[in-house]
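Visitor: Starting off with a structure, shown below.
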Amino acid sequence: MAKARKQKGDEQKPDGAAGGGGATVLHQKLCLSIDMEKRLIYGYTEIEVQADNDTFALHADNMTIRNILVDGQAAEFDYSPHWKNVGDQQSWSSVSCSKTAADAACSVYISSLNSEAAPNLIISSERSSKLITETQCDENGEKREENGEKCEENGGNCEENGGKCEENIGKSDQISNDQGVNGCNGSAEKKEKEEEGETEKEQLMETEKEKVGVEEEKDKEEEKDKDKEEEEKDKEEDKEKEEKEKEKEKLNEEENGNEKDKDNEIAIEKVKNTKVVHIDYILEKAETGLHFVGNILHSNSQIRRAHCWFPCIDNATQRCPFDLEFTVSRNLVAVSNGDLLYQVLSKEDPPRKTYVYKLSTPVSAQWISLVVGPFEVLPDKNDISVSHMCLSQTLSKLENTISFFHNAYRCYEDYLAAQFPFGLYKQIFLPSEMIISPTSLGASTCIFSSDILHDEKVIDQIIDTRIKVAHTLARQWFGIYTSAEEPTDEWLLDGLAGFLTEHFIKRYLGNNEARYRRFKANCIVREFDVSGATALSSPSASSDLFGTQTIGSYGKIRSLKAVSVLEMLEKQMGPDSFRKILQMIVAPTRASRTLSTKEFRHLANKVGNLERPFLKEFFPRWVESCGCPVMRLGISYSKRRNLVELAVSRGCTAKVDPDPDSRTNGDIREGGIGWPGMMSVRVHETDGVYDHPIVPMAGEALQVVEIQCHSKVVAKRFQKTKKGSKPDGSDEIIDASNQENRASMDSPLLWIRVDPEMEYLAEIHFHQPVQMWINQLEKDKDVISQSQAIAMLEKLPQLSFAVINALNNFLNDTKAFWRVRVEAAYALAVTASEDTELTGLLHLVKFYKSRRFDADIGLPRRNDFHDIPEYFVLEAMWEHVTSLYQPSNHTLYIFTLELASSIRQQDSFVNAFYYLLTDVWR
């Protein structure tokens with residue numbers, strides 16, 4: 001085929017036509033036949049495209065194009081696969097050292113990203129639409145002429161009818177006048193014949209009567225003349241009304257004719273611009289996008305990999321419905337997107353089966369997926385439209401793993417007040433060695449690694465498995481059904497999916513689990529949010545990195561940060577308002593299926609009732625730039641004034657680059673002034689708990705804030721030294737312990753917390769006396785407060801026995817959250833040193849023996865899985881004991897071996913661990 005004509009550079013692309021050469025996909029049909037033995041895929045795709053020109057572009061790679069038809073006619077096309085990249089050799093030829101090799105690799109990678117983003121299948125079609133337009137115009141003209149003739153005829157009939165009415169009215173008037181005159185004359189003649197013989201008096205009476213009759217006739221004639229004048233006036237008014245009505249009819253006809261002309265013009269333009277493209281192709285070597293492994297075929301939802309197994313416009317802004325048909329062997333199952341309409345068994349030998357799917361909801365080509373294999377299909381037993389699939393050897397594990405799934409499914413539907421948007425949801429679990437990534441998303445489908453499956457005897461991975469499965473389900477609502485309007489808005493959909501997942505965690509795994517995970521996620525974000533790579537909405541990163549900023553380690557940091565930012569907004573507007581916004585976004589009645597940061601900001605203002613000045617500061621600081629606030633605080637209690645002086649030093653985790661031209665760095669310097677809002681300080685006093693939102697997040701970097709105390713200290717007398725006390729100072733131990741608690745005895749403060757509700761994604765360094773940290777660990781029931789206290793006690797340069805005892809007491813508290821108890825066990829392991837006489841390790845050994853050993857027989861007990869939190873704490877101790885490795889510490893070595901040898905008889909993997917532990921120590 002000859003090369004297609006290139007598009008003019010000055011032509012503008014329509015909305016949503018980015019990456020499609022000025023074309024918009026309205027609908028796409030994909031019909032493929034898969035030969036598993038030959039690793040061959042062949043078939044066709046039909047794309048309904050609306051293009052401004054006869055030349056448009058698609059993405060296609062790694063395939064052989066046999067022919068292309070446009071509206072049933074052969075079309076010219078130019079196909080240049082991306083793998084035929086000749087310019088890369090020049091980059092590698094300049095490599096002389098490691099630095100130049102890195103530069104060359106970066107250059108090649110960027111060039112490949114550029115080439116992938118550009119469409120490479122150029123199609124040219126010249127279709128004469130003159131006949132269609134002419135026939136339609138002629139028909140429309142004839143209709144208009146006929147309508148005009150009918151109107152004229154109707155007007156003539158109206159005039160004729162008006163003339164006839166006038167003639168009839170005139171005739172009737174004449175008849176009535178003649179009859180009146182004749183009647184008067186006849187009466188006069190009769191009177192004259194009968195009164196001939198009467199007297200003159202009677203004649204005079206008759207003359208008088210005649211005069212009266214004449215006068216009456218005159219009056220009647222005058223009345224008739226008046227009636228005629230009124231009738232003429234009525235006729236004139238009727239004629240004027242008829243003329244006005246005719247003028248209105250003419251105007252309406254002209255307007256209707258113009259509207260019809262406009263509709264016809266629009267219809268003609270649509271007919272001219274809409275094309276049906278039929279592409280026959282063969283996929284012989286599926287290297288990416290689709291993967292053959294044994295008797296399994298599966299796709300992967302990596303960035304810009306859909307066009308590697310079917311021609312399309314592989315761009316996130318292009319969304320359309322899909323019809324999908326896949327023909328496979330009779331013993332295989334083909335799983336794809338949407339609802340399964342029907343299956344057709346062919347009459348071939350051997351027979352083959354065709355699976356027909358329909359996806360009515362518009363999605364981008366990235367979310368089209370295909371999995372073929374000999375799967376076992378397990379419909380969900382809880383009256384939800386979900387099917388789970390796996391290979392036969394993992395069916396028993398699948399039944400146990402997905403027993404919870406209906407809880408997540410209904411949890412999301414209840415929270416969003418909307419049903420699952422894609423009809424039937426399908427989960428496929430494949431062996432880890434067969435798949436590219438642990439999860440691969442698609443519209444109404446998801447491919448998992450079978451490593452997350454577990455039987456009923458394994459409880460260690462229950463929590464992580466349920467959270468992973470719940471998160472992929474949340475992505476169906478936010479990310480696929482509702483997609484980002486622009487690449488800079490992808491953070492919002494990612495964050496909403498994570499927020500919805502945390503709602504499931506809070507509801508079914510507990511509030512402590514949700515808060516602890518969010519606290520640890522915030523710690524990770526604060527540590528790595530130091531450069532522009534973690535900015536959530538960065539136009540430069542979206543354009544320069546081609547979407548790769550969403551993958552890898554930085555992609556995970558951005559996902560965690562997005563959830564934290566949305567949770568900050570939820571705390572500002574309230575949970576009910578935030579939930580209402582999410583319900584509005586996924587409502588089926590919503591016109592658009594895309595979401596932008598600007599629209600979400602508008603909803604936060606209108607529905608969430610957040611003020612515009614706050615939003616104007618919030619989004620640029622938290623979304624468009626990087627960095628988190630660093631707060632360093634210390635307290636000093638004034639007994640005379642009964643108040644706390646709080647010294648505050650504010651900084652930022654982001655590193656400021658001296659380059660003044662960098663937009664992101666400029667945002668960092670501007671944001672260095674502060675963040676919107678006030679941070680709260682919660683003071684636990686002897687008489688109650690008081691919140692003080694007094695720490696400003698903007699203004700001067702160094703500030704001193706005063707907090708008035710509500711409780712008062714009762715004056716206490718300290719006992720003097722008794723006479724006869726030992727002069728050797730043996731009583732000084734008690735005096736020393738009293739000295740440690742003296743600060744708490746002289747003030748009404750029990751402990752203080754900064755930002756207790758995590759209203760800010762801030763790194764907080766707070767200093768208070770040791771006894772106040774111990775009080776916080778022992779008395780505060782919040783898991784975040786307990787974790788913060790353990791972290792601070794663990795870092796103390798000098799450990800007292802009071803700290804070790806507090807950690808041990810918390811470890812033995814079965815009512816405490818098990819993850820924080822594990823942290824306490826780790827802290828005890830860290831404090832096990834010769835300075836503390838290995839007290840922490842002794843506590844760990846004693847704790848383990850009290851749970852796992854039977855004191856009566858002196859042998860270990862069997863594992864008890866009834867108390868799952870206790871099981872997790874005991875299992876975590878193994879990791880913490882091995883972390884105490886110190887080659888020079890022989891005492892610790894002996895204690896560790898004693899612990900390991902004492903539990904060798906347990907009926908699990910302890911024996912193998914014992915040998916591993918001894919090898920590590922040696």
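Since every read-out is calculated from the coordinates, none of them should be taken as a lab result. This one's a predicted model, so the numbers in the text were calculated from it and none came from an experiment. Cβ placement follows ideal geometry from the backbone for every residue including glycine, while neighbour counts extend to all protein chains displayed.
Visitor: When only alpha-carbon atoms are used, what values of Rg and Dmax, in angstrom, describe the range 496-539?
Guide: 13.0, 38
Visitor: Using θ = phi - 60° and the Karplus relation 6.51 cos²θ - 1.76 cosθ + 1.60, list the HN-Hα couplings for the range 692-699 in order, rounded to whole Hz, with x at every Gly or Pro.
Guide: Coupling constants for the range 692-699: 10, x, 10, 8, x, 9, 9, x Hz.
Visitor: Can you sort Y357, Y554 from fewest to most other Cβ atoms within 10 Å of each residue's own Cβ? Can you show the working numbers first?
Guide: Numbers: Y357 22, Y554 17.
Starting with the residue having the fewest Cβ neighbours, the order is Y554, Y357.
Visitor: May I pose another question? Apply the Kirkwood formula to the range 769-838: the hydrodynamic radius equals the inverse of the mean of 1/r over all pairs of different alpha-carbon atoms; give it in Å with one decimal.
Guide: Numbers: mean 1/r = 0.0845 Å⁻¹.
With all distinct Cα pairs of the range 769-838 included, I get 11.8 Å.
Visitor: Moving on to the next point. Going by C-beta contacts inside 10 Å, put T472, T445 in order with the fewest on the left. Mind showing how you got there, number by number?
Guide: Values: T472 21, T445 29.
By the 10 Å Cβ count, ascending, the order reads T472, T445.
Visitor: If you don't mind, another one. Where does each of 636-645, 753-762, 459-468 land if you order them by average Cβ count within 10 Å, highest first? Don't jump to the answer; show the numbers that get you there.
Guide: Values: 636-645: 13.4, 753-762: 19.1, 459-468: 15.4.
Going from most to least packed, we get 753-762, 459-468, 636-645.
Visitor: Another question, then. Starting at 0 and stepping by 10 Å, how many percent of the alpha carbon pairs of the range 482-626 end up in each bin?
Guide: 11, 41, 37, 10, 0
Visitor: Specify, per residue and in Å³, the volume enclosed by the convex hull of the alpha carbon atoms belonging to the range 375-481. Show your work: numbers first, answer last.
Guide: Values: hull volume 10.7 nm³, N = 107.
Taking the convex hull of the Cα positions in the range 375-481, it is 100 Å³ per residue.
Visitor: So what is log10(I(q)/I(0)) for the range 543-655 at q = 0.11, 0.14, 0.19 1/Å, when the Debye sum runs over its Cα atoms only?
Guide: Once normalised to I(0) and log-transformed, intensities are -0.55, -0.80, -1.15.
Visitor: Still on this structure, I have one more. At a 10 Å Cβ-Cβ cut-off, how would you order H684, H767, fewest neighbours first? Don't skip to the answer; put the middle values down first.
Guide: Numbers: H684 19, H767 12.
Ranking H684, H767 by Cβ neighbours within 10 Å, fewest first, gives H767, H684.
Visitor: First select every other residue whose beta carbon is under 15 angstrom from the beta carbon of E700; then total the charges, Lys and Arg +1, Asp and Glu -1. Intermediate results must be reported in sequence, preceding the final value.
Guide: Numbers: positive: R632, R650; negative: none.
With Lys, Arg at +1 and Asp, Glu at -1, the neighbours total +2.
Visitor: If you don't mind, there's one more thing I want to ask. Equivalent-ellipsoid semi-axes (√(5λ), Cα gyration tensor) for the range 333-408, whole Å, largest first? Could you put the intermediate results ahead of the total?
Guide: On the way: eigenvalues 119, 74, 27 Å².
In descending order the semi-axes read 24, 19, 12 Å.
Visitor: To the nearest 0.05, how large is the calculated FRET efficiency for S596 and S432 if R₀ is 51 Å and r is the Cβ-Cβ distance?
Guide: Working: r = 37 Å, r/R0 = 0.73.
Working from the Cβ atoms, E equals 0.85.
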